[in-house]
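Since the structure comes first, as structure tokens, the remarks are kept for the end.
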């Protein structure tokens, strides 16, 4: 299986020095556990962090040099020929990095995406079985169609850092054609508005009702009643939905 | 008849030479050493008779035994061989007989070492045959020489030569089995010793590693330097190292003697059995040895490697001047740099060192926070000051902050001009280097040297002996040379110059705990004691003090590696302080402070020398 690990710029949040984010180290570990060749992919100039990523087990890191939207550059690079598996961390740590990137990329490529992956299992009929990490240590088994994007859970087992591998990693700069720039989203300035106090009105304990296989209409009625009880909907709103 | 004696002694000598060449051929499979090994042979007599004897003579009985046995065995042979070959008068034969007789007394003393009771540090096994072989050689050859001197008939001479020859064969056999190997390997090791600076002064700094070499550190025996391999074979298994080792005492899986014996055995496919105490609780590692077979995880348990606190107590005690710590660090370098196989806690500390330039992962700008109330100036790049105060790793610890504040207050009172590097002070790299991560150490060192070179100052003062050692002894090889002083040295100077006046405070008795990196690594054991004598009422000494002091357990990445133990090293050390009747344990290192303060239950107070001096200072 050919795996590609997406590498962000990698800035340590405390020191501001180059560092591979924890989630990307876990992603490298997942890629290695899947077997086969594993390469790293970074949009931008390579830095110390990309070389360090080699220390965790990547044999090669390609740095795509081109202007514009990183998602478009990655999508173009990954579509020909597509790898079996694209892995990423789940949180960005600096600069223009963004945890949204894998989601935008999945949307662009039309690939499925799973986040919070703790372990990778076997492939059967083009489907990959994975283990998802849930809060409080719970685990969930899932299957995903290949090719796909997996975001590693921060707590997935991390491979050890080996200096010998870091010094051997081949960092290649690949010039790619510029992609259209990211559309600039202009912010709108408006006066401060007090938000409804959700926690205050919810009260301690929360409560709630568990419905087993409810009828859609029944489920909607319970939800609306709950939101009204929280003071988030006016009593007149939603009357038409009830009807 | 003389020719017969000469043939017997000469034959044994030739066989010994052949055995030496066989050993040499094995050692030469190691990496070549820097200097000429052959040329080093000229240093051997001096190193042997002065430096080795100096260590052996710390135990006079052992020195007597060795002088008599080795002296008799060799001098008798040296006299009898030419006497037999060239023909000699009765006086020469009589002298040879006397020399062998002395050797015989030595053999008796060798026997007495293990009879009636063998000390636990000594090895058994083949060593039990050593007195017999020595006695046969000395008595047989001694009688033969005596018979020649008195002109006895042929038969008694032949019988005596047979006995002597049997002893000689026995001694040769004991070369292969271990006990006599030290005699042959010792010559090679002393000739090619990897720290020649030890013979002219002090040489404790680790050597920088070439980070582009294909193999970093040691994975297989052939990765060691050739003379180092001879050094492992030179071990006589006297057990002085294991008696001094804090990790061994605490029941961690390390015994320095077993370690060296393991490395010696690792060179051989079929090594002789080891009959000394093993590393406590370590599983038997029965992998096959060989020059190209992995050491760690095969013949040596991983924990043995990470239990070492690099305190150098074993090196200090070793009569063969073996460099245990160098071997440990070389093996750690292989594990860390080539395999990434470090303990979890150590891996975290190394990652933080790499990514945050600080093994605890804390913000460098927060290092000076403990001194916030004292408003210590930060020296900007290009700035100039009298003393650069290197705060070190301890500054992040609130407890050690008290020590640093005491030091700064004293420096203020003495009217010194000083500043810190502020957020530009990165970790000196001590922890990374001791854990074998030479790459991170060199990166940190380059940054620290750059920060220091950008500023002008007369000297560096630090309260951390680990930083002191790295800055003073290990940065010069990387291009940074400064005068570096420990805070106890500075305070001692100020008191002696009269810039600080102390009035002795009465209180409980104070025992000074020597930090390894100040004492054994830098030989500074007097200044702190002078300060304590001036500041405190009664000073007592623990049984192990000065160059023989016991480690607190905090060095060499020990706490980060967190090796299982039966008891804690600082608990043992605190017990020694109690036994000395100390009410206060004076410390001079952030590591020792943290380790000894971690001892639970009622115990002597732990105070830094600077705190005790501050309590005694009077306005001048």
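Laboratory data are not the source of any read-out in this text; all were calculated from the coordinates shown. Given the structure is predicted, the values throughout are model-derived calculations rather than measurements. No Cβ is skipped: glycine too gets one built from the backbone with ideal geometry, and neighbour counts run over all protein chains shown.
Calculated mean residue ellipticity at 222 nm for chain B: -14500 deg cm²/dmol, from DSSP H runs with n ≥ 4 weighted as -39500 (n - 2.57), summed, divided by the residue count and rounded to 500. Taken residue by residue and averaged, Cβ atoms of other chains lying within 10 Å of the Cβ of B:331-341 number 3. Computed over Cα pairs, the Kirkwood radius of chain B leads via Stokes-Einstein (0.692 mPa s, 37 °C) to a diffusion coefficient of 124 µm² per second.
Evaluate the relative contact order of the stretch B:2-191 (contact order divided by residue number), counting alpha-carbon pairs under 8 angstrom at least 6 apart; express in whole percent. Let's see the in-between values first.
Details: 238 pairs, mean separation 54.6, N = 190.
Over the stretch B:2-191, the number comes to 29 percent.
Hey, in the GNM for chain A with a 10 angstrom Cα cutoff, which one of A:59, A:218, A:107 fluctuates hardest? Result: A:218 has the largest fluctuation of those listed.
For the protein assembly as shown, the antiparallel share of DSSP beta bridges with both residues in that region comes to about 25%.
Under the simplified labelling scheme, the residue B:505-residue B:74 pair shows an inter-label distance of 5.5 nm, with each label point 7 Å from Cα along Cα→Cβ. Once C-alpha pairs closer than 8 Å and six or more residues apart are averaged by separation and normalised to the residue number of the stretch B:239-383, the relative contact order reads 19 percent. For the stretch B:319-407, would you read off the P(r) tail past 17 Å as a percentage of all alpha carbon pairs? Cα-Cα pairs in the stretch B:319-407 separated by more than 17 Å: 65 percent. Each Cα pair under 8 Å and six or more residues apart adds its sequence gap; the mean of these over the residue count of chain B is a relative contact order of 12 percent. By the count of neighbouring beta-carbon atoms within 10 Å, fewest first, B:437, B:427 end up ordered B:427, B:437. Projecting label points 7 angstrom from Cα along Cα→Cβ for residue A:123 and residue B:129 puts them 6.3 nm apart. Using only Cα atoms, find the angle between the long axis of helix B:60-86 and the longest principal axis of chain B, and express it within 0 to 90 degrees, rounded to the nearest 10. It works out to around 40 degrees.
The mean count of C-beta atoms from other chains within 10 Å of the C-beta of residues in A:165-177, rounded to a whole number, is 1.
Computed from the Cα positions only, the extents of chain A along the three principal axes stand at 66, 47, 35 Å, in decreasing order.
Among A:130, B:328, B:540, the order by Cβ neighbours within 10 angstrom, fewest to most, reads B:540, A:130, B:328.
Length gain on complete extension for the stretch residue B:162 to residue B:199, per 0.36 nm per residue less the alpha carbon to alpha carbon distance? Don't skip to the end; give the middle numbers.
Details: separation 37, 0.36 × 37 = 13.32 nm, distance 4.18 nm.
Between residue B:162 and residue B:199, full extension yields 9.1 nm more.
Separation of the stretch A:83-147 and the stretch B:243-309, taken as the distance between their Cα centroids, equals 45 angstrom. Looking at the stretch A:81-203 alone, DSSP beta bridges between its own residues are antiparallel in about 65 percent of cases. Taking Cα atoms only, the orientation of helix A:22-34 departs from the longest principal axis of chain A by about 70 degrees. Extension gain for residue B:270 to residue B:374 (0.36 nm times residue separation, less C-alpha to C-alpha distance): 31.0 nm.
This ranking places B:525, B:5 by how few other beta-carbon atoms lie within 10 Å of each, fewest first, which gives B:525, B:5.
For the options A:133, A:46, A:187, a Gaussian network treatment of chain A with springs between C-alpha atoms closer than 10 Å singles out A:187 as fluctuating the most.
If you take each beta carbon of peptide B:351-358 and count the beta carbons of other chains within 10 angstrom, what is the mean?
Details: counts 9, 4, 0, 11, 13, 7, 3, 2.
Whole-number average of other-chain Cβ neighbours for B:351-358 is 6.
Residues considered: A:76, A:138, A:115. Largest GNM mean-square fluctuation over chain A, using C-alpha springs under 10 Å, is found at A:138.
Can you give the FRET efficiency to the nearest 0.05 for residue A:184 and residue B:562, using r as the Cβ-Cβ distance and R₀ = 51 Å? FRET efficiency, residue A:184 to residue B:562: 0.50.
Order B:373-381, A:18-26, B:409-417 from most to least packed using the mean count of other Cβ atoms within 10 Å. Can you show the working numbers first?
Values: B:373-381: 13.7, A:18-26: 25.3, B:409-417: 16.3.
Sorting B:373-381, A:18-26, B:409-417 by mean packing, highest first, produces A:18-26, B:409-417, B:373-381.
Three semi-axes describe the equivalent ellipsoid of the protein assembly as shown; taken as square roots of 5 times the Cα gyration tensor eigenvalues and ordered largest first, they are 64, 37, 25 Å. Relative to the dominant Cα principal axis of chain B, helix B:398-413 is inclined by about 80°.
Looking at chain B, send over the antiparallel percent of its DSSP beta bridges, to the nearest 5. Please list the in-between numbers first.
Working: 2 of 26 bridges.
Roughly 10 percent of the beta bridges in chain B run antiparallel, per DSSP.
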